């Protein structure tokens, strides 16, 4: 028997609009900018930078996404199911590069869809204090059996190590901006203290 909370959670999850407004898209890309500014060790504790190959362009595509580790492997949940560009890119070519605070990993993405793996993922989420808080905030109160029965509504992707070539990782190519910013700050301090 479903609880009223689980009935409320799933429509809420599915009703969150995909970020199409330019401001929202920019906001979602902020962790990428922070990574490029050299803050990867900090950003990489909360977000994983995933580099996929564009399904139409064939070019590297970078996405910042919240991640957790399931059995030692980076794992993500798509809040918009199979609609996201990164998921569709992985469906076309599952080879990707992921970057966290630990560094870059060359991986093959795979959707978790077997009942046994989903049970393990659910048990892990129930045992993780961080995941418990997130699930409570989201109003998620399903049993493992309900979760398995509704598995088509949840898009969980696990990233497993591979030796095959993957896209190049995102580089910290804007670190030089810190020197410019520091120079401007010193100049402003000097100008405010300079006696004309």
Item to check | Flag for residue 169 being within 15 Å of the chain's Cα centre (by Cα), in contact (Cβ under 8 Å) with a residue 40 or more places away in the chain, in a loop (DSSP other than H, G, I, E, B) and closer than 28 Å to residue 33 by Cα | outcome: yes
Item to check | Count of the stretch 60-73 residues which are in a strand (DSSP E or B) and either farther than 20 Å from residue 34 by Cα or out of contact with any strand residue (DSSP E or B) (no Cβ under 7 Å at 6 or more places or on another chain) (or both) | outcome: 3
Next on the checklist: Looking at the stretch 131-149, can you tell me whether even one residue there is within 27 Å of residue 41 (Cα to Cα), surrounded by fewer than 16 Cβ atoms within 10 Å (Cβ to Cβ) and under 16 Å from the mean Cα position of the chain (by Cα)?
Outcome noted: yes
Checklist entry - residue 1 passes all but one of (1) over 16 Å from residue 170 (Cβ atoms); (2) at pLDDT 90 or above; which number fails? => result (2)
Item to check | Unmet requirement for residue 52, which otherwise passes all of (1) at pLDDT 95 or above; (2) not in a strand (DSSP E or B) | outcome: (2)
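The values are calculated or read from the model by the stated rules, or taken from the named source; none is laboratory data. On a predicted model such as this, the values are computed, not experimentally measured, just so you know. Reconstructed Cβ throughout: ideal geometry from the backbone, glycine too, with neighbour counts over all protein chains shown.
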